[in-house]
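The values are calculated or read from the model by the stated rules, or taken from the named source; none is laboratory data. All figures in this text were calculated on a predicted structure; none of them were measured in a lab. Quick reminder, even Gly has a Cβ in these numbers, built from the backbone with ideal geometry, and neighbours come from all protein chains shown. For the accessible areas, the whole protein counts, side chains as well, though only heavy atoms, and no ligand, DNA or RNA atoms are used. Shrake-Rupley method; radii C 1.70, N 1.55, O 1.52, S 1.80 Å.
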Amino acid sequence: MLHKWQQLREDWSQRTSILTLSGALLCLWMAFIAQRNLDQHQTKSLPLAMLGLAAFAFAMLLCHIALETSKGTQESKPSTIFLPAVATTLALSLLGCLDFGGNRFRPLGLVLWVSGLLFTLLYLWLISPDSVVGERPNWWRQRKQWWLPAHWLVIAAIVLVGAWFRLRLLSEIPAEMGFDLAEKYFDSLSVARGSYFIFFPARLGREGLFFYLVALVGRFMGMRELTLHITSALIGILTIVAVYHLGQEAFNRQVGLLAAFLLAINRWHIVLSRTGFRAVTMPFFTILALYTFIRALRLRRPLDFGWAGIALGTGVYSYRSFLFVPVALAIGFAWWVFATSWSDFRTLLPGLTVIALIAAVVAAPLARYVLENPDKYLARERYQLQAIEAQKERSQGLLAYFWCCMLGFNSMGDGDPRFNVPFARLMGFVSGALMVLGLTYALWRWRHGYNAFLLAAWFTLILPSALSMLPDEYPSSLRMSGAIGPAIILAALPLPLINKSIHQIKPTLPELKPLDSAWSISLTWSAGQKQRVWTWHWHWDAVARCILALAVVLLCAYETAEVHRFYFQDYIVHLPDMSNYSLTKAIADEIAHYHHLPSTYIKPWPNWFDSTVLQLHVGTDRSWDPFVKALVPDQPPLSMIEGTALFILHPADHTALATLQTFFPRTVTRLHHYPNGEPAFYVIYCER
């Protein structure tokens, strides 16, 4: 009787597991159908409801399956940190900050600042457990068949895929630098020439870490336009490795590898990595801050708390939106502590103090600049607030803007053709649907592992875009780029969850032997009297995992093909200046052919091109100013021309064209066209 009861329980468990797996696969299929409908239909309500229902059912079915790494336990108590020792070494760094007046890094102050931080890390390293200090990769001591672990080879292959998407035709796409990028080049050039600014105040102000990295890359390949793009692409490639470590730290290696691949082929991050804009540092430092902070909480080693402080402090020099990352970590930590216990918080308090102190000292030079020049540092925010105030009557409210930004992942994304195919979703087809499933799963299990930090980061890092939106605007892919890392990690959860649910299904009868529930394939080879037989036994769960692996490969292949079409076809067509045509480079070529800058004149036109980009292509500094506001026969420059001159006009400036053709007895006029046949600019060679 007992045996029969046990058999009934096993049978019920088996049926439940099979139904759960079938339901999860159905939810996955529903999510893909909903995402396809979002792409194809103008009405979004029904596809969004379908996507939400699929995500809710998926989380409800698989919420009992744990992917998260275990939290730090009492067995992993942190070593005793003598805070006065930390304060003493950091005081040396603060002493160096006294030498950073006038918005300049100076040699003596830099040596003291860096030395204090290094001494602090050295102290934290020395008080870390001996097993940690002396740890070496086990694969080096205990290698058996492979000289490198298999997952290292996989991550190397993923990085190569990501590098291909970020470096292919980089000198050709995008061809035009567009507005603002030339200013970033000149800021980087100033660093290369020895002007070590802490903050770069031109054009509403910019943090300078990216410019220092561009100058560093320029030491090896020279300072030119391509250096900006190479630097941003290299940072994008490093971000792939960083997201792998975050996925492995918060969940497991399978999640980390899948997250790395999804980021390698993520359309949003590929565009960001190739543009040459400093916003590419935002995803990297966001992921780095999350990784080091979660690792410090899990292992509770003094050195890990130190690295978390370094990551947080360095991030403030990357992009303005990074200021929301400490807020996200604080919200996530409060959420995490609420799910554990306050006694755990008291245990972690010395380590958290170390993070705060080191982050504050790393950010101290910038903090000093902000205190001395608050108007310059906050110029961008003041400008945006004025724009918001001017359209306050048409404002839709923060909640509406926040919802609009959330929809940007799966529906209507950035409308700026420099950073997206206008209004296309920011995530890929596969990763977008998976992200919603993973987000709902993490919300359902917010008390487990470190889900609270990912959720807090995903929601909080949408705010920089939502807070700065104007009526009729769409999400800014730059301002909310910090959400890329959390979104990719969440998208990497559903498929490993399905894989783990397959493992939970066992044969119905407990007395069955392994071969009783297996499929057998036999291959016999005969040659004369010789005969060899090969037999393979495949258990049903092995077959299911193979089918799942094949499905994963097909989904990744589809996402890869989609992003290739997205960037190398659709994105090019919508780039500014028509189909990846560089207007400023074409004008610079005409000026170079004419070969006499003093007699070259350009009549400006609203929103035509960035003059600094033209100066860069021509090879001059910003002192060269060929622009004339008006062409009047008895006024300069027309009244001063005695020989030949070259004029560049906008194709709609018919008045200026008529003036030149009337004033000069001999003119040669040529009209340049965009690739689609529309007029681009006039070139007029004139002679008195």
Practice problem: Run the numbers on the chain and let me know its relative contact order in percent, using alpha-carbon pairs under 8 Å that are six or more apart. | Solution: 16
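For every other residue with a beta carbon closer than 13 angstrom to the beta carbon of L170, add +1 if it is Lys or Arg and -1 if Asp or Glu, then tell me the sum.
On the way: positive: R166, R168, R224, R274; negative: E172, E225.
Around L170, the charge tally is +2.
Please report the net charge: other residues with Cβ closer than 15 Å to the Cβ of I355, K and R +1, D and E -1. Intermediate results must be reported in sequence, preceding the final value.
Values: positive: R295, R298, R300, R301; negative: D304.
Value of the local net charge: +3.
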Quiz item: Of the listed peptides 362-372, 288-298, what is their order by residue-averaged count of other C-beta atoms within 10 Å, with the highest listed first?
Solution: 288-298, 362-372
Self-check item: Tensor-based shape of region 223-382 (alpha-carbon gyration tensor, a/c under 1.5 rounded, otherwise prolate or oblate)
Solution: oblate
Quiz item: Nearest 10 degrees, 0 to 90: what angle lies between the long axis of helix 181-192 and the longest principal axis of the chain (Cα atoms)?
Solution: 90
Self-check item: Three-way shape label, region 304-354, alpha-carbon gyration tensor, a/c 1.5
Solution: oblate
Quiz item: Which of the GluC sites (Glu not before Pro) across region 589-688 are loop residues per DSSP, with 10 or fewer other Cβ within 10 Å?
Solution: E642
Quiz item: Could the peptides 676-682, 278-284, 405-411 be put in order, highest first, of the mean number of other beta-carbon atoms found within 10 Å of their residues?
Solution: 278-284, 405-411, 676-682
Practice problem: First check a/c for region 365-412, with a ≥ b ≥ c the square roots of the eigenvalues of its C-alpha gyration tensor; if it is under 1.5, answer rounded, and if not, answer prolate when a/b is larger than b/c or oblate otherwise. | Solution: oblate
Exercise. Treating the angle as unsigned and between 0 and 90°, give the value, to the nearest 10°, between the Cα long axis of helix 654-663 and the longest Cα principal axis of the chain.
Key: 30
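With a sphere of radius 14 Å drawn around the Cβ of A561, what net charge do the other residues whose Cβ falls strictly inside it have (Lys, Arg +1; Asp, Glu -1)?
Numbers: positive: R267, R565; negative: E559, E562, D570.
Summing Lys/Arg as +1 and Asp/Glu as -1 gives -1.
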Exercise. Give me the angle, in degrees from 0 to 90, between the Cα long axis of helix 302-315 and the longest principal axis of the Cα atoms of the chain, rounded to the nearest 10.
Key: 30
Exercise. From largest accessible area down, sort I127, I331; use a 1.4 Å probe on the protein chains.
Key: I331, I127
Exercise. Only one of the values (1) 1.14; (2) 1.20; (3) 1.40 was calculated from this structure for Cα Rg over 2.2 N^0.38 Å; name its label.
Key: (1)
Practice problem: Rank these residues by their accessible area, most exposed first, probe 1.4 Å: E393, E473. | Solution: E393, E473
Self-check item: Highest-first arrangement of 449-459, 168-178, where packing means the average Cβ count within 10 Å
Solution: 449-459, 168-178
Practice problem: May I ask you to rank R418, R274 by accessible area, largest first, using a 1.4 Å probe over the protein chains only? | Solution: R418, R274
